[in-house]
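Step one of this worksheet: look at the structure below.
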Amino acid sequence: MDIKKMRTLISRGGEIAGMGVVDLVWVDDVPYAVFEWQEMPDGTHDPVRMVMLDAQGLVAFPSAPADGITHQYRLAIEEPGAGEHGVSLF
């Protein structure tokens, strides 16, 4: 799974919490913001708390800056709370 870094506004409980950096993955050509990963027994990591994104709000930077952030999302993302998995694919 190709993992990138994305900058976006993050909201919690409907209120803007601020700008944050989350992992960005694509599953079947659909982008997802990943807030939490789970280590599997075989040493791989599966996304646990994730949110499906609107691809039209995603902007790729022409070149990755030194901080490794490759994308920006133009909309705020509601962070799934603890125990709330958002969209689960596994």
Figure the gain on full extension for Trp26 and Ser63 (residue separation times 0.36 nm, minus the Cα-Cα span) and round it to one decimal in nm. 11.4 nm
Give, in nm to one decimal, the length gained when the segment between Glu15 and Asp54 is fully stretched (0.36 nm per residue of separation minus the Cα-Cα distance). 12.1 nm
Over the chain, with every protein chain in place, what whole percent of the accessible area is carbon and sulfur at 1.4 Å, could you tell me? 51
Counted charge near Ser63, where neighbours are those whose Cβ lies closer than 14 Å (Asp, Glu -1; Lys, Arg +1): +1
What is the distance, in nm, between label points placed 7 Å from the Cα along the Cα-to-Cβ direction at His45 and at Met1? 1.0
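The values are calculated or read from the model by the stated rules, or taken from the named source; none is laboratory data. Note that the coordinates shown come from a computational prediction; the quantities given were computed from them, not determined experimentally. Cβ: placed from backbone, ideal geometry, glycine included. Neighbour counts: every protein chain shown. These area figures cover heavy atoms from the full protein model, side chains too; ligands, DNA and RNA do not enter into them. Shrake-Rupley method; radii C 1.70, N 1.55, O 1.52, S 1.80 Å.
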